[in-house]
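Below: the structure, in structure tokens.
The values are calculated or read from the model by the stated rules, or taken from the named source; none is laboratory data. Please read these numbers as outputs of a predicted model, since none were measured by experiment. Reconstructed Cβ throughout: ideal geometry from the backbone, glycine too, with neighbour counts over all protein chains shown.
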Amino acid sequence: MKVDVLTLFPAMFAGPMDESILRRAQEKRRLELTIRDLRDWTHDRHRTVDDEPYGGGPGMVLKPEPIFEAIEELASETTQVVMLSPQGQPFRQSKARELAEHEHLLLLCGAYEGFDERVRSLVNHELSIGDYVLTNGALPAMVVIDAVTRLLPGVLGDDASSAEESFSENLLEYPQYTRPADFRGMKVPEVLLSGDHGAVEAWRQEQADDRTSQRRPDLLKERKENLNEGQ
Ligand code: 9WO
């Protein structure tokens, strides 16, 4: 998969995108990631990318010209243009799976007060990673890259990928433990030491259901609806 990122802050991507799974995915040529500075598509001495909002109001708005020129240069018929924005649909694992099926993603990172509305005419997906105020769209773009890259064939080992498959969008993970069995008097549940795989599986399912109903009843509701619909 090829991923191009259009941002005003390329340097923000240096650390996270060069470590761990994302680094290995690039070394294994499963991911071709290019971080691009939006200012490279400006033509004035000051490399202007923003301007005051029509109608007045605080802050500045990202101009359409540089973004249109960049997309027209970088996108092809196999490209999915993804806008990261507080106004986008919530980014979920199902969307990560959908995006992982495409050959080329072009991620647009917002800044200032956001994009000129006309940019949305070129966008295939508009995504938000959550309802909180951020500095710009760089971190959300990294979240999307991380979630999608893990789903690419050959990126995760077999065990990890099966763990990925076990993740159900509507169920929280069960509690995890590792050595020592007794840490400062806090003991690992006996069932996990029993060697009874059936009992372990049943305990994990029960724990996941309990944890989900206590912490995320919204997910449980959606899970029941999906099960009723036979999904
Ligand atoms: C404004 C806002 C309003 C109501 C609820 C949440 C909110 N978040 C923001 C916000 O983060 N403002 C922006 C910061 C202004 C445009 C540049 N910034 C930004 C955030 N670009 N993209 C994002 C973003 C946030 C969450 N998910 C994806 C992208």
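If a residue counts only when it is closer than 28 Å to residue 218 by Cβ, which helices (runs of 4 or more DSSP H) contained entirely in the stretch 35-152 have at least 2 such residues?
Working: elements: 64-74, 93-99, 138-149.
Passing ranges, in order: 93-99, 138-149.
Can you tell me how many residues in the stretch 22-31 are out of contact with any Gly (no Cβ under 9 Å at 6 or more places or on another chain) and farther than 19 Å from residue 138 by Cβ? First the steps, then the outcome.
Step one: list which residues in the stretch 22-31 are out of contact with any Gly (no Cβ under 9 Å at 6 or more places or on another chain), which gives 22-24, 26-27, 29, 31.
In the following step, the residues that additionally are farther than 19 Å from residue 138 by Cβ were identified as 24, 27, 29.
Total meeting the criteria: 3.
Of the conditions (1) part of a loop (DSSP other than H, G, I, E, B); (2) modelled with pLDDT of 95 or more; (3) within 20 Å of residue 18 (Cα to Cα); (4) of a type in the set (Val, Ile, Thr), residue 155 fails just one. Which one is it?
(2)
Taking interchain pairs and intrachain pairs at least six residues apart, which have beta carbon atoms under 6 angstrom, with the first residue in the stretch 81-95 and within 12 Å of the ligand (Cβ to nearest atom) and the second among the β-branched types (Val, Ile, Thr) and at pLDDT 95 or above?
83/123; 91/129
Cβ-Cβ under 7 Å, sequence separation 6+ or interchain: first residue in the stretch 170-189 and touching a residue at least 60 places away in the same chain (Cβ under 8 Å), partner of a type in the set (A, V, I, L, M, F, W, C) and in a loop (DSSP other than H, G, I, E, B). Which pairs?
none
Hey, among the residues in the stretch 18-34 that are among the acidic types (Asp, Glu) and assigned to a helix (DSSP H, G or I), which one's surrounded by the most Cβ atoms within 10 Å (Cβ to Cβ)? Break it down stepwise before answering.
Taking the stretch 18-34 and keeping what is among the acidic types (Asp, Glu), we get 18-19, 27, 32.
Still in the running and assigned to a helix (DSSP H, G or I): 18, 27.
Details: 18: 11, 27: 9.
Once the filter is applied, the top-ranked residue is 18.
In the list 124, 136, which residue meets the criterion of being under 18 Å from residue 4 (Cβ atoms) and within 6 Å of the ligand (Cβ to nearest atom)? Talk me through it step by step, then tell me what you get.
Values: 124 fails: within 6 Å of the ligand (Cβ to nearest atom).
The conditions single out 136.
Quick check on this structure: which one of 94, 121 is more than 30 Å from residue 44 (Cβ to Cβ) and among the hydroxyl-bearing types (Ser, Thr, Tyr)? If you could, list the steps in order and put the result at the bottom.
Details: 121 fails: more than 30 Å from residue 44 (Cβ to Cβ).
Exactly one of 94, 121 is more than 30 Å from residue 44 (Cβ to Cβ) and among the hydroxyl-bearing types (Ser, Thr, Tyr), namely 94.
Of the residues that make up the stretch 61-72, is at least one within 17 Å of the chain's Cα centre (by Cα) and crowded, with 20+ Cβ neighbours inside 10 Å? Walk me through how you get there before you give the answer.
Start the filter on the stretch 61-72 by keeping residues that are within 17 Å of the chain's Cα centre (by Cα), which leaves none.
No, that holds for no residue.
Take the conditions within 16 Å of the ligand (Cβ to nearest atom) and surrounded by fewer than 12 Cβ atoms within 10 Å (Cβ to Cβ) and apply them to residue 78. Does it pass? I'd like the intermediate steps shown before the answer.
Values: within 16 Å of the ligand (Cβ to nearest atom): no; surrounded by fewer than 12 Cβ atoms within 10 Å (Cβ to Cβ): yes.
Spelling it out, it is not the case that residue 78 is within 16 Å of the ligand (Cβ to nearest atom) and surrounded by fewer than 12 Cβ atoms within 10 Å (Cβ to Cβ).
Step by step: first the residues of the stretch 181-231, then only those that are in a helix (DSSP H, G or I) and among the β-branched types (Val, Ile, Thr), then the one that is surrounded by the most Cβ atoms within 10 Å (Cβ to Cβ). Which residue is that? Steps first, answer last, please.
Let us first name the residues in the stretch 181-231 that are in a helix (DSSP H, G or I), namely 190-193, 197-215, 217-228.
Narrowing the set further to residues that are among the β-branched types (Val, Ile, Thr) leaves 191, 200, 212.
Numbers: 191: 15, 200: 16, 212: 20.
Step by step, filter the stretch 181-231, then rank; the result is 212.
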